[in-house]
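Trainee: This is the structure I want to talk about, given as structure tokens.
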Amino acid sequence: MKLDRRSFIKLMAMNSAATAAATLFPGVSFGAWSTTEMASGGILWKKTPCRFCGTGCSLLVGVSGDRAVAVKGDPNCTVNKGLCCVKGYHSIQILYGKDRIQKALVRKNGKMVEVPVAEALDLVARKMQETIQVHGKDAVAMYGSGQWSITDGYVASKLFKGCIGTNNVEANARLCMASAVTGCITTFGLDEPMGCYEDIEKADVFVTWGNNMAEMHPVLFSRMLATRKNRTHVKIIDFATRTTRSSLAADRSILFRPQTDLAVANAICYEIIRNGWVNWDFVNKHVSFHKGKTNIGYGTEDHFKFKDKAETVDFNALKLFLKDYTPENVEKISGVPAKDIKYLAALYGDPDKKVTSFWTMGMNQHTRGTWINNLVYNIHLLTGKISSPGNSPFSLTGQPSACGTVREVGTLTHKLPHGVVMNPDHRKMAARIWDVPVENIDPKPTYHTVEMFRALDRGDIRFMWIQVTNPMVTMPNLRRYRDGAEKEGRFVVVSEIYPTPTSDIADVILPSALWIEREGFFGNSERRTQHNEQIVPMPGETVSNTWQIMEVARKMGFEKQFPWSEETYIEDIWNEYIQFHDSPKHRMAPFKVLKERSGVQWPYVNGMETKWRYNAKYDPACKQKDFDFYGKKDHRAWIWLRPYEPPAESPDSEYPFWLNTGRVLEHWHTGSMTRRVPILHKAMPESYVEINPDDAARMGITNGSDVKISSRRGSLVMKAMINGRGNPPRGMVFVPFFDEKYLINEVTLDAFCPISKQPDYKKCAVKLERA
Amino acid sequence: MPVFSYLAYPEQGAKEQLLKDLSELRYCEITPAQNEELLILLTDTPDEDSEKQLQKKLKALDSLQSLGMAFGHMDD
Ligand code: SF4
């Protein structure tokens with residue numbers, strides 16, 4: 001019997017691979033092998049989005065009895081076409097870690113003790129009410145996540161902004177996507193990419209700006225490699241600050257000095273203009289020119305404020321502005337040879353080549369994150385390579401629902417599900433849908449994430465509820481924020497699935513259900529909303545985050561706003577939420593359609609998904625012929641004059657190295673889930689510091705030896721990795737942040753982009769010593 | 001224990017070499033595409049340690065450019 005079952009599973013495995021191959025390489029033949037529909041062998045397959053990155057692969061989870069036992073890529077989903085990566089496959093094992101939090105815990109006399117969930121929720125509601133009474137409504141805060149299901153974020157926003165009346169709602173996507181948002185808003189007037197993953201099969205050239213897709217978006221990277229195999233002229237250019245697995249697979253790897261991507265992007269525009277590669281027909285009809293403030297600061301001080309001011313200029317002003325950005329000048333700043341800058345410009349400038357630019361944290365976690373987003377858009381706008389198949393400037397999200405829950409639901413201090421709190425019409429709409437008095441919604445944003453934790457430290461915030469995220473590992477300049485959260489008179493609630501450094505500081509821990517243990521939705525990088533049903537039962541006393549918030553809201557007296565029953569609350573909330581987006585610019589698919597399909601892209605109008613926005617051929621919201629950038633009042637996309645400005649902190653004689661931080665293939669963010677998956681943990685058991693071999697030799701550091709890394713804020717000792725999977729240039733080190741034993745964020749700096757307020761985790765100054 | 005299937009992409013012009021390299025590894029079954037530079041790799045290891053060893057060996061293959069996973073199963 002065992003043998004039969006095993007043979008059967010192998011047959012399914014072969015079948016899945018052959019199906020994926022047939023989707024990626026139409027007409028591929030494996031000789032005698034042909035894919036066949038098979039009986040299920042006692043395994044029931046259910047679709048769900050993967051919860052381990054913003055790609056949004058659809059998985060089929062195999063369930064035997066009450067247990068998830070297998071995963072295959074969903075061949076019906078256009079995102080992954082039957083593939084998944086090592087994290088996706090192992091995602092079901094995170095359900096079964098031994099130390100799963102299954103009961104509520106409350107701190108009593110300094111010790112965490114188990115209590116019934118209802119008692120813990122009572123305490124949360126009471127504490128919030130007491131805090132509001134004593135310290136005012138802006139003393140309570142919610143800090144959520146791009147791993148929140150859409151309904152989690154929606155009810156959090158409704159409770160805090162609509163009912164309590166505070167804009168103290170933020171999410172960890174501030175740390176990963178905020179610059180992409182402000183980049184989109186400043187250039188197009190509306191958030192989220194105009195293109196879609198189908199651009200991958202249509203482009204001739206891919207330029208990846210400071211990201212490592214081979215490890216962070218492996219399925220999309222596979223699609224890029226497949227495109228290059230199918231169409232041999234296709235080129236992949238890796239433009240980055242360190243050599244990674246992506247660099248090795250690329251046709252060209254070009255390294256630049258940290259922060260100087262700003263200068264290189266301007267030099268590419270300079271070359272495009274100098275060589276006459278501007279698409280005048282497009283520029284004249286669809287683009288306008290603007291400049292903003294300069295020398296805008298870095299936000300390292302409390303209460304930092306910045307507001308940009310746009311001034312309209314013309315093409316000649318752009319040309320004049322770019323005169324300092326000759327490839328030769330920029331070579332001196334960036335270290336990129338002028339000939340490589342010209343090569344990049346020629347790729348973008350060639351009218352016969354379709355170009356897609358991809359980026360993630362390298363451009364977004366940047367003290368000029370909004371600017372570098374603007375500048376890459378400038379390149380695509382000058383050449384007219386945008387909003388059409390294969391021509392796409394595209395910021396990929398890190399988290400499964402950074403788009404769906406944070407950018408679309410608007411779980412940031414200034415946002416509402418439609419629009420911003422500052423706009424009276426948007427407040428009116430929210431008040432109507434939420435059934436609250438419009439005066440409840442405060443027109444003033446309060447704290448963005450870094451400032452929110454500063455406010456907790458200062459005592460301006462006294463109560464914080466943290467759901468599905470681990471800020472006591474991820475906040476930059478971490479020691480200040482951990483010490484702040486632990487001060488007397490602070491009350492911290494943490495909804496979690498495993499113990500973390502964040503649950504260590506909690507006064508209440510609420511046991512959360514994982515994504516396939518409850519019904520929910522994610523929204524991926526390409527505007528695709530994905531539904532999953534509850535696939536396995538919730539263990540112990542775990543509850544969904546949505547239900548936790550609803551219960552607390554009701555206990556606080558907001559029954560009218562949260563009337564839904566346990567049987568239908570997810571569908572009911574979806575039906576309320578989509579009223580916010582009921583226009584051809586952003587209409588979402590109905591619940592029934594989402595239930596049936598492996599994801600649906602918005603705007604979803606008259607039963608059709610929109611693949612390329614702002615292009616009249618594909619986007620029903622366009623009112624003009626060919627292109628219509630309807631997010632801006634002038635119906636044009638804005639080219640911005642944005643200069644190169646140095647980072648907040650650069651290496652000097654005392655701290656002579658750049659510190660760059662990031663992720664690795666095997667681990668998801670802070671590793672609280674993936675480190676509990678034995679295979680992933682064994683494959684990458686602990687963090688390390690990547691050092692350039694020349695630097696290591698000069699300092700007598702050998703592979704695996706202990707190295708002390710120190711900055712002006714903190715230090716830690718970890719093992720050296722030389723010639724590992726990544727290789728930084730001389731003068732830079734790289735540390736993955738997945739390992740809570742090595743809190744690298746005690747070393748990083750809490751400088752941020754003054755427009756997006758997103759911190760820069762890629763650049764600060766450190767020194768190294770043999771330990 | 002674990003069963004996985006992958007699409008295995010060879011380095012430029014190294015399909016035959018990759019086929020040979022993979023055939024020499026224990027726990028691997030390979031089905032080459034007839035008309036594409038592509039192979040299906042099916043791995044069936046008896047336990048986690050062998051799986052880990054195999055992963056190491058796969059990573060060390062010069063003829064292998066990358067693997068795209070399509071299926072995974074772990075017995076309870
Ligand atoms: S690429 Fe991302 S979404 Fe796809 S399986 Fe891997 S972790 Fe999941």
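The values are calculated or read from the model by the stated rules, or taken from the named source; none is laboratory data. Keep in mind the model is a prediction, meaning the values are calculated, not measured. Heads up, the Cβs are rebuilt from the backbone with ideal geometry, glycines too, and the neighbour counts pull from every protein chain shown. Remember, those area values only see protein heavy atoms, side chains included, never the ligands or the DNA or RNA. Shrake-Rupley method; radii C 1.70, N 1.55, O 1.52, S 1.80 Å.
Trainee: Take the residues in segment A:378-431 that are at pLDDT 95 or above, within 16 Å of the ligand (Cβ to nearest atom) and within 29 Å of A:Ile272 (Cα to Cα), then tell me which one is nearest to the chain's Cα centre (by Cα).
Mentor: Here the answer is A:Leu396.
Trainee: Which is free of Cβ contacts under 8 Å to residues at least 60 places away in the same chain, buried (at least 16 other Cβ atoms within 10 Å of the Cβ) and more than 11 Å from chain A (Cβ to nearest Cβ), of B:Ser23, B:Ser50, B:Ser66?
Mentor: B:Ser50
Trainee: Kindly check whether there is at least one residue in segment A:525-538 that is open to solvent by 50 Å² or more (accessible area, probe 1.4 Å), assigned by TED's automatic domain parsing to the domain that holds A:Ser145, touching a residue at least 24 places away in the same chain (Cβ under 8 Å) and of a type outside the set (A, V, I, L, M, F, W, C).
Mentor: yes
Trainee: I'd like to verify a number: residues in segment B:26-45 that are in contact (Cβ under 8 Å) with a residue 12 or more places away in the chain, open to solvent by 10 Å² or more (accessible area, probe 1.4 Å) and within 11 Å of chain A (Cβ to nearest Cβ), how many?
Mentor: 5
Trainee: Sort through A:Asp74, A:Asp99, A:Asp66 and tell me the only one that's more than 30 Å from A:Arg663 (Cα to Cα), among the acidic types (Asp, Glu) and touching a residue at least 12 places away in the same chain (Cβ under 8 Å).
Mentor: None of the others qualify; the one that does is A:Asp66.
Listed here are the residues, each with its yes/no results for (1) in a loop (DSSP other than H, G, I, E, B); (2) in contact with a strand residue (DSSP E or B) (Cβ under 9 Å, 6 or more places away or on another chain).
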position	(1), (2)
A:Glu571	no, no
A:Glu576	no, no
A:Gln579	no, no
A:Pro584	yes, yes
A:Lys595	no, yes
A:Lys611	yes, yes
A:Ala621	yes, yes
A:Lys625	yes, no
A:Gly631	yes, yes
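Trainee: If I filter segment A:713-732 for residues that are surrounded by fewer than 20 Cβ atoms within 10 Å (Cβ to Cβ) and under 22 Å from the mean Cα position of the chain (by Cα), do I get at least one hit?
Mentor: Among the residues of segment A:713-732, not one is surrounded by fewer than 20 Cβ atoms within 10 Å (Cβ to Cβ) and under 22 Å from the mean Cα position of the chain (by Cα), which makes the answer no.
Trainee: So which of A:Pro647, A:Pro651, A:Pro693 is touching a Ser or Thr at 6+ places or on another chain (Cβ under 6 Å) and at pLDDT 95 or above?
Mentor: A:Pro647
Trainee: Wholly within segment A:91-172, which strands (runs of 3 or more DSSP E) include no fewer than the required count, namely at least 2 residues that are among the charged types (D, E, K, R)?
Mentor: Filter on segment A:91-172 gives A:104-108, A:111-115.
Trainee: Look through B:Tyr6, B:Tyr27 and report the one residue that is over 19 Å from A:Lys87 (Cβ atoms) and among the aromatic types (Phe, Trp, Tyr).
Mentor: B:Tyr27
Trainee: (1) open to solvent by less than 10 Å² (accessible area, probe 1.4 Å); (2) free of Cβ contacts under 8 Å to residues at least 24 places away in the same chain: which one isn't true of A:Ala141, the others all being true?
Mentor: Just one mismatch for A:Ala141, condition (2).
Trainee: Taking helices (runs of 4 or more DSSP H) that do not extend beyond segment A:186-239, which have at least 1 residues that are within 12 Å of chain B (Cβ to nearest Cβ), within 13 Å of the ligand (Cβ to nearest atom) and open to solvent by 10 Å² or more (accessible area, probe 1.4 Å)?
Mentor: Qualifying helices (runs of 4 or more DSSP H): A:213-216, A:218-230.
Trainee: Could I ask something else about it? Looking at (1) assigned to a loop (DSSP other than H, G, I, E, B); (2) under 25 Å from the mean Cα position of the chain (by Cα), which one does A:Thr661 not meet, given that it meets all the others?
Mentor: Checking A:Thr661 against (1) assigned to a loop (DSSP other than H, G, I, E, B); (2) under 25 Å from the mean Cα position of the chain (by Cα), the one that fails is (1).
Trainee: Select from segment A:55-105 the residues that are more than 12 Å from the ligand (Cβ to nearest atom) and hydroxyl-bearing (Ser, Thr, Tyr) and list them in ascending order.
Mentor: A:Ser64, A:Thr78, A:Tyr96
Trainee: Within segment A:241-264, how many residues turn out to be in a helix (DSSP H, G or I) and over 15 Å from A:Phe206 (Cα atoms)?
Mentor: Of the residues in segment A:241-264, 5 are in a helix (DSSP H, G or I) and over 15 Å from A:Phe206 (Cα atoms).
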